[in-house]
Amino acid sequence: MSASPPVNPRSHRWHLLGWSLGALLIIVVASRARFTSDLQALLPDNDPELNRILVFLNGHSASHMIAIEGWAEGATSDDARKCLLDLTPTLNAVGAKLLPQPSPGSMVHLIDVLETHLPVLITESQLDEVGKRMGPEALQDYLKALKERATRPEDQFTATASRMDVLAIGGSAMQALAAQVAGTGFADGVVSHPDGKHFLLPMDVSFDPGNVYLTAKLMMTLDAAAKAARDKGVHLEVIGAYRHFNDNMTSLSKDFISTIPLGIGLIIALLYSLTRSWRAVVAMHVPALLGVAGAVATLALVGKNVPLPLIGFAATLLGVAVDYGIQMTAALRSGEHRHIHAPLLRSCLISVCAFSALVPSPVPALHVLGIMVVGGLVVAYLSARWLLPAVVTMEPMLDPWRRVTVPILHWCEKSAGRNLLVVAVLTLCLAPGLAHLRMINDVQKMDGSLPSTREALDRFMERWGTLESSNFLVASADTLDHALEPVAQARRRLGLPLSSIEQFLPSDEEQTRRSQAWNRFWSAKGDDFRTRFTADCSVLKMRAVAFSASLDRYRPVDDPPHITMADWKDTPLELLLSKLVTRNAGAWQVASPVDLIDRDAIEKLPQRVSDLKLEPVWAATRRHFAARLVEVLKGDLGKRALAISLAIIVAVVLLVRRSRPSLAMLLPPAIALVWTFGVLGWMGEELTPFTVIVGAFVGGIGIDCAVFLTQPEDRERLISPVIACIATAICGTGAMLVAHHPLLSGVGQTLSIGMSTCLIACLLLTPVVAGRRAAEQRPADALRPPAV
Amino acid sequence: MRQFVSAMLMITCCVAGCWVAASAADPVVNPKLFTLDKLEEAGKHFRTMRVAFTQEKHLAILDEPVINKGVLEINRDLGAVRWEFTGRSVLIFKDDKLRRFGAEGKEETVAGGKDPSIQTMATQMRSFLDGKWGGMQELFVITPDPDGAPELTFTPRSQDLKKYLTKLVIRFRDDLSAPQSMLMIANGDDRTEYRFERPEVDIEIPSARFSKP
C-alpha cells in the first residue's frame, strides 16, 4: 500500500481559512435558530383521532392547575390552613393565582336561579330523595333539626334562607358539584376536607407546565415553602402536572450532569490512550461539534424550530460524527489518509440515505430529526474530509492498542467456520427474544417522576378524588341541545352519575321530562305534605305561614321556564359551565367530565363509548391520548424502519456494486440489531419510540464499522480506530445506564447493548463475508507498524 | 339538607363578613363627628375589656323570640377573645385559632374553613383584637345617621342580597370605645339584635378564661 501524498501547507492554510469562515457562517446561522421546548409541536397531526383529542385537551387547558395540600404534623389543623393561606402572596409572584372566588352577590344569585328553576333542574331520583324527608316522622325530625340550627346564637341566616326552600331541594342539585371534590368548606380559597385535618389550596397557573424555567421557579418556591412549613409542624404536598414536569426535568438534568462528565472522561482517556496526543484528541471532535452546529443550522435554514427535546439526540449524532473524526485523524497521523476517503464518503452517504428516510415522516419529531441528522452528518463529513487535513499533522507511531486489537482481528480472521458457528449460536439464542418484545403501552412508564410524587398523587386521589377531570364525554353539534342530549344519554347508558353539565344544563327534552316528574310528584304528594307540614310546625312551635314562599313553590307548574346558559350568568357556575360548553365556528361542543379513579375503567371508557354508537359522542381521556400516540408512533416507526432499511440496501448496492462487500456491510449491523432487540426482549424491556429511533443509530454506526472493516488490505490499520469508535460510543452511552430517568437509562441500555453487538458482529462477520487479507500481507503486519 | 345549609352558611359568612368589613368603610359619615380613624384610635386604648350583651333573634319561622345573653371578653396582652353565649356555647379565639365549646363545656371540632359561620366569628374576633376593619363598600350603601350620631346603616346594593339582608344598623357608644347595639334585619322581618352593656375596660380577667369555659 502506498502512503498518501505529503500535505501541502499552503493549500491547508487556504482550507483552514475557508473552514474558519464556513464554521463562522454555520454558527451564525445556527444562532438564528428558534429553540422551542414545545412538546406538542412534535406530536403527529396526521391521525384524525389523535388530532381530535389533542385539539380538545388543548382547548380545555386543564393542566394549568396546581394544588397544595396541607395537614398538621405536630401543629394544629388551623395552623395547616393558615400556612396554606400565607402561601398565596409568595405563589402569586411566581405565576400561581387563587382560583376566582364567588362573591356573596354571585352566591345569592346562584341560589335564586336554583330556586326559580327547581322543576327543570331536579331529576326524578333527586325528587325521590326529597320524598324521604317528607315522611310522617322524617319531616318532623327534619324541621326539628332546622329549628335547632336556626336558633343557634351564632347562626344568623338559616331561618331566612329556609323560608324560600324549606326542604332544601336546591341543595340536592348542588350535590353534583360536591361529588367532584371531597371538600366540604371553601373559605379564602382554601378547601377543607371532611376529615377536618386536610386542607387544599387550588391555584391557577399562568403558564404551561412545559415552560421549563418558570415551572422550575414555581417548584423551587414551593419546595422552600414546604421546608419552612415543616419547621412549623405542617406538611405541604404539591399535586399537579407541574410537579411531574419538574421531576422529569430535574431528573434529566441530574442524570446529564452525572453521566456526561463520566462519559466524556472515559472517551478522552480512551482516545488519548490510542493517539497519545491532545491535539489529535481535540481534532477528532471537531467534525462532531461542527456537525451539531450544522444540524441546528440546517433546521434554521429550512425555517424549522429546533425542538430542545430532540437536541438530546445530538449526543447520538455526535457518536456517528466522532467516528469520522477518529478515522480521519488516525489516517492523517499515519499518513495514509488517501485510503480513508472512499470508505468515509461511503459511510456518510449510507447514513445520509438512511436518515433521509425519516424526512417524509408525518410525525414532526421524526421529520425534524431526519433533517437535523442529515444536515449534521454532511457538515461532519465535510469537516472531517477537508478541515482535519489542515489541522492534523502526520506523526506516525506504533499503535498502542495493537497488542490487543491485532490478535483479536487475527483470531476473527482465522476461521470462517468457527465465526459463523458463533454467530449462528448467538442468533439462535437471542433471536427468540424478539418474540417477547412489546411496545410500551403505558406512557407512565416513561415518566421520570419521583416515587414520592406518585405516592403523594395516589394518597391525594384516595382522599380528594381527582384534582381536575382528565376524562370527558364530548359531543359537537349544530345546536347546543343536539350536543347536550346525546351526551346525557351516553352518561345514563354508561351508568355514570350526573356531572355538572347534565345537572345544571339539561337538554330541552330532559327539562321537559324533569318538569313532568316534578308535576307528578307534587300532584301526588303536595296536599299531604302541606297538611303534615302545617301540623308539624304547630307541634314544634314554628309558623307554617312563614314558609309560604316554599309551599307556593312546591306545586305542579304548568309551563316552568327552561334554563339556559344565560341564566347562570353572574353565578359561580358561569365559569365552570363556560369551560365545558364552548362554541367554535358555529358548532357547539359539550364536554361532560367523567371523574373516574379506577385505571381499568378509564382505559375502557373510549371503547365503551364507541360501542354505544351514539353519534356524535366520543370519549376524550388523557390516557387514551397517550395510548393512541404510542400507537401512531409505532405505526410510523415501522414504516420508517422499512424505508431506512431499503434506503441503506440501495445505497450500499449502488455505492459498492459488488455482492460480497455489500453483504459484508449490510449483514453485521442487521445481525447486531437482531441480537440487540433479542437481548432486550429476553430482558423483558418494553420498547419506547426513543429506543426504536436509537436502534436506527445503532444500525448507522454498525454500518460505519462494517464499511471500514470491509477492505481487507486496510483492516489491520483500521481495527484500532474502529474499536475506538465503538468503545467511545459505549463509554458515552454506557454512562447513561446509571441515569435515574427511565427514558435516559432505556436509551443508554439500548445503545450500549447495540454498540457491543455491532462490534462483535462486525468482527465475526465482516472478515468472513468480505474476505480475509491476502496471505502475503499478513506476515508484513508485524514489520509495518500501523500508525495512529 | 346539609348541602343547603352549607350554602346558607356561606351566605351567612359572606354577609357577616360584609358587616365586619363595612365597619371599616371609608368614613362617609360626617368626618367631624365620626371617622374610622377615631373609631380605631378609640379601640386602641385598652388592654382588657369585658362587655355583656343580649342577643334577641326574632325569626319569622318561630312563634317566640330566641334570647341569648352573653359576655364578650378581650385580652390584648394574651391576644385572646372569649365570646360566650351563656348556657349555649363559648367561642375562644387565641393565637389566631378558634375553639368552640358546647353548652356542657365539651370542646367541639372546629375544622378551619369547614364551617364558614365559625370562620366569620373568627374574623370578627380578630377584628376586635387588633381594631382593624377591612373595607367593603362595593356590596353595601353605607349611610351615616343624618343627625350625626355614631351610627351606620348598611343597605345591600344588589337585589339578590336584599332577599336575605334588608339592612344592618350598627350603633357605637358615644366615646366610640365599643359597639352599643347592632341590628340585622333580614327579608320577611327576621331580626337579630345585639344590645351591648357598658364595657368594663382594663380589668383583671384571669388568663384561664381564655383556655377553656
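FYI, it's all coordinate maths here, none of it is from the lab. On a predicted model such as this, the values are computed, not experimentally measured, just so you know. Cβ placement follows ideal geometry from the backbone for every residue including glycine, while neighbour counts extend to all protein chains displayed.
Some notes on this structure:
- FRET efficiency estimate (nearest 0.05) - Cβ-Cβ, residue A:16 to residue A:302, R0 41 angstrom: 0.90
- With a Förster radius of 35 Å applied to the beta-carbon distance between residue A:566 and residue A:204, the computed FRET efficiency rounds to 0.90.
- Spread of Cα-to-Cα distances over 10 Å intervals beginning at zero, given as percent, for the stretch A:581-643: 18, 36, 30, 15, 2
- Dividing the Cα radius of gyration of the protein assembly as shown by 2.2 N^0.38 Å, with N the residue count, gives 1.29.
- Summarising the strand pairing of the protein assembly as shown, around 95 percent of its internal DSSP beta bridges are antiparallel.
- Residues whose placed amide H lies under 5 Å from that of residue B:69, excluding near-sequence neighbours: B:55, B:86
- Whole-angstrom gap from the stretch A:487-539 to the stretch A:604-671, using each part's C-alpha centre: 54 Å
- Proximal lysines relative to residue A:613, as straight alpha-carbon distance under 24 Å, when same-chain residues fewer than 8 apart are discounted: A:604
- In order along the stretch A:692-704, phi translates into HN-Hα couplings of 5, 5, 4, x, 5, 5, 4, x, x, 5, x, 5, 3 Hz, rounded to whole numbers, per the Karplus curve 6.51 cos²θ - 1.76 cosθ + 1.60 with θ = phi - 60° and x for Gly and Pro.
- Angle in degrees between helix A:77-92 and the longest Cα principal axis of chain A, rounded to the nearest 10: 60 degrees
- Virtual spin-label span in nm between residue A:137 and residue A:530, 7 Å along Cα→Cβ: 2.8 nm
- When each of A:227/B:212; A:227/A:254; A:97/A:197; A:227/B:44; A:227/B:94; B:38/B:212 is checked by Cα-Cα distance, pairs over 29 Å: A:227/B:212; A:227/B:44; B:38/B:212
- The label point for residue B:64 and the one for residue B:159, both projected 7 Å from the Cα toward the Cβ, are 4.0 nm apart.
- In a simple Cβ point-charge model (Lys, Arg +1; Asp, Glu -1; nothing else charged), the protein assembly as shown has a dipole of about 3920 debye relative to its Cα centre.
- Site pair residue A:559 and residue A:450 shows an inter-label distance of 6.5 nm when each label is modelled 7 Å from Cα along Cα→Cβ.
- Under 23 Å from residue B:57, Cα to Cα: lysines that are on another chain or at least 8 residues apart: A:144, A:147, A:541, B:69, B:162, B:163, B:167
- Low-density loop cleavage sites - trypsin sites (Lys or Arg not before Pro) in the stretch A:599-674, where at most 13 other Cβ are within 10 Å (DSSP): A:613, A:657, A:658
- Amide H contacts of residue B:140 (H built 1.01 Å from N, in plane; Pro and chain starts excluded): B:157 sit under 5 Å, all sequence-distant by 5 or more or on other chains.
- Full-stretch length increase - residue A:408, residue A:25 - with 0.36 nm per residue and alpha-carbon distance subtracted: 133.5 nm
- Cα-based helix-to-principal-axis angle, A:451-464 vs chain A, degrees rounded to 10: 20 degrees
- Vicinal HN-Hα couplings computed from phi for the stretch A:326-335 (Karplus, 6.51 cos²θ - 1.76 cosθ + 1.60; Hz; Gly/Pro x): 5, 4, 5, 4, 4, 5, 5, 5, 8, x
- On the beta carbon distance between residue A:610 and residue A:549, with R0 = 41 Å, the FRET formula returns roughly 0.30.
- For the stretch A:197-252 versus the stretch A:719-737, the gap between their alpha-carbon centres in whole angstrom: 39 Å
- Counting only aspartates and glutamates at least 8 places from residue A:445 when in the same chain, those with an alpha carbon closer than 17 Å to its own are A:247, A:455, A:458, A:600, A:603, A:631, A:685, A:686.
- Value of relative contact order over the stretch A:301-404, rounded to a whole percent, pairs C-alpha under 8 Å and six or more apart: 36 percent
- Selected from A:562, B:179, A:632, residue furthest toward positive end of dipole (the protein assembly as shown; charges at beta carbon): A:632
- Per-residue average of Cβ from other chains inside 10 Å of B:61-71: 5
- Computed extension length for residue A:416-residue A:686: 93.7 nm, one decimal, from 0.36 nm per residue of separation with the Cα-Cα distance subtracted.
- Taking the longest Cα principal axis of chain A as reference, the axis of helix A:622-656 is set at about 20 degrees.
- Restriction of the chymotrypsin sites (Phe, Trp or Tyr not before Pro) in the stretch A:667-736 to DSSP coil positions whose beta-carbon has at most 10 other beta-carbons within 10 angstrom yields no sites.
- If a spin label sat at a point 7 angstrom from the Cα of residue A:462 along the line to its beta carbon, the backbone N atoms of the stretch A:562-601 nearer than 20 Å would be those of A:596-601.
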